[in-house]
Every structure is written in structure tokens, then in C-alpha cells.
Amino acid sequence: MKQDKDKQAEREEIQQIFNQIRMAGEQVRQNISTAKDAQVEKLMESYQEDIAFQAAQARQQDALLRQLEKAVEDGDFDKMLEIKTLLGQRKE
């Protein structure tokens, strides 16, 4: 009888250890998933900021090109040179 009780207690202890290991494994998987989600979110924010910056640059360049077209139509060589210089600086 005592032996059966000892074996039953040992089984219960082993089962508790396995349950703790299983719960710890689930927590690790959840932590990894949360960390991955945070990394993806941070990366997406970075891409959005980069895209917004590039869009702003494109709008500025487009405005300068329109000014250059007008300067060409008007024959304003000083303005053409100024805009050409500004466009050259943006490429660097």
C-alpha cells in the first residue's frame, strides 16, 4: 500500500513537472510571437516613415521641375540655373 501511494505521489509530481514545462513552453512561444509582432510593427512604422519622406521629396522635385519648365518657357536663364542647382543638390 505504501509503495502504491509513493508511486502515485511520484506520478503526480512528474505530471506537475510536465505541466509546468508545458506552460513554460507555451509562455516562451507567446513571448516569441509578441516579440515578432513588435518587430514587424516597428519595421512597418520605419517603412511608412521612409515612404512618406520619399513622397515628400518627390513632391518637392516635381514642383521644382514645374518651375524649371516655366523658366524654360519664359527664357529665364538665371531661374533655370538656380533650379538646376537645387535639383542637383537633391540628388546628393
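The values are calculated or read from the model by the stated rules, or taken from the named source; none is laboratory data. Just so we're clear, the structure is a prediction, and the values are computed from it rather than from any experiment. Note that we place each Cβ from the backbone using ideal geometry, even for glycine, and neighbour counts take in every protein chain shown. SASA here: full protein model, heavy atoms, side chains in, ligands and nucleic acids out. Shrake-Rupley method; radii C 1.70, N 1.55, O 1.52, S 1.80 Å.
Per-residue ellipticity at 222 nm from helix content only, as computed over the chain with -39500 (n - 2.57) for each DSSP H run of at least four residues, stands at -35500 deg cm²/dmol. Computed with a 1.4 Å probe over protein heavy atoms only, the accessible surface of the chain comes to 93 Å² per residue. Farthest towards the positive end of the charge dipole of the chain, among the residues Thr34, Ile21, Leu65, is the Cα of Ile21, using unit charges on the Cβ of Lys, Arg, Asp and Glu.
Once the Cα atoms are used to define both axes, helix 2-74 deviates from the longest principal axis of the chain by about 0 degrees.
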